[in-house]
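Visitor: Would you mind keeping the following structure in view while I ask a few things?
Derivation of every value follows stated rules applied to the coordinates shown; laboratory data play no part. Given the structure is predicted, the values throughout are model-derived calculations rather than measurements. Cβ atoms come from the backbone with ideal geometry, glycine included; neighbour counts cover every protein chain shown.
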Amino acid sequence: MTQEDTNVAILRGGYDAWHNSKGDASVWLDILADHVAWGSLADGRPGMEFTKPRASRQEVVGYFEGLANDWTMESYFVNEFVAQGARVVALCECSWTHRRTGKTVTIPKVDVFLMEDGKITQFMEHYDTHTVIAACE
């Protein structure tokens, strides 16, 4: 099995468990390195404060807590993985409902990972922040 195959298998398992549990973040915490560069295109903007950059596994817990406080996962599917060396890109489609406004968004999403020794050391999510932030209002 190549490094790419191993990394994709780890992430595929994480996504499958996360989708099936409708957002239990513990699966991700198990595969995070102690020090991780965690980012989001929303970058902590108003309404999406939980998306501020994170630098450790413990800080990423705050990301998932904020996500769970504000949003309910409806679905999260990975349509394709692209891997080269330690880098893995997940092409996704997800649907979330904002708990306060009741608005649901279904959007394409791209998650980019750097993996070292089977652990996530970098993560960046790319998505339509305009649509997501509008659902918070």
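Visitor: Consider a paramagnetic label point 7 Å from the Cα of Q3 along Cα→Cβ; state which residues of the range 114-129 have an amide N under 15 Å from it.
Guide: Backbone N within reach: 114-122.
Visitor: What's the extension gain from L91 to R45 if we count 0.36 nm per residue and subtract their Cα-Cα distance? Before the final figure, lay out the partial values.
Guide: Values: separation 46, 0.36 × 46 = 16.56 nm, distance 2.33 nm.
Full extension of this stretch gives 14.2 nm more.
Visitor: Just going by the charge dipole of the chain, with Lys and Arg at +1 and Asp and Glu at -1 on Cβ, which of L29, G44, V82 is farthest out on the positive end?
Guide: G44
Visitor: Here's another thing I want to ask about it. Let me spell out the model: positive unit charges on the Cβ of Lys and Arg, negative unit charges on the Cβ of Asp and Glu, origin at the Cα centre of the range 6-137. What dipole size does that give, in debye rounded to 20?
Guide: On the way: 12 positive and 18 negative charges, 31 e Å.
Dipole about the Cα centre, nearest 20: 160 debye.
Visitor: Report the label-to-label distance for Q122 and I107 in nanometres (one decimal), using points 7 Å from each Cα along the Cα→Cβ vector.
Guide: Between Q122 and I107, the label points sit 2.2 nm apart.
Visitor: For the chain, take the longest principal axis of its alpha carbons; what is the angle in degrees between that and the long axis of helix 57-70, to the nearest 10 within 0 to 90?
Guide: Orientation of helix 57-70: about 30 degrees from the principal axis.
Visitor: Next question, about the same structure. Quick one: Debye curve from the C-alpha atoms of the chain, no solvent, what's log10 I(q)/I(0) at q = 0.14, 0.15, 0.17, 0.21 Å⁻¹?
Guide: Results for the chain at q = 0.14, 0.15, 0.17, 0.21 Å⁻¹ read -0.60, -0.69, -0.90, -1.41.
Visitor: Here's another thing I want to ask about it. In the chain, with Lys and Arg counted as +1 and Asp and Glu as -1 at Cβ, which of these residues, V110, N20, G66, has the Cα nearest the positive end of the dipole, that is, farthest along it?
Guide: So the residue furthest toward the plus end is G66.
Visitor: Let me ask you something else. For helix 3-21, what angle does its Cα long axis make with the longest principal axis of the chain, in degrees from 0 to 90 and rounded to 10?
Guide: 30
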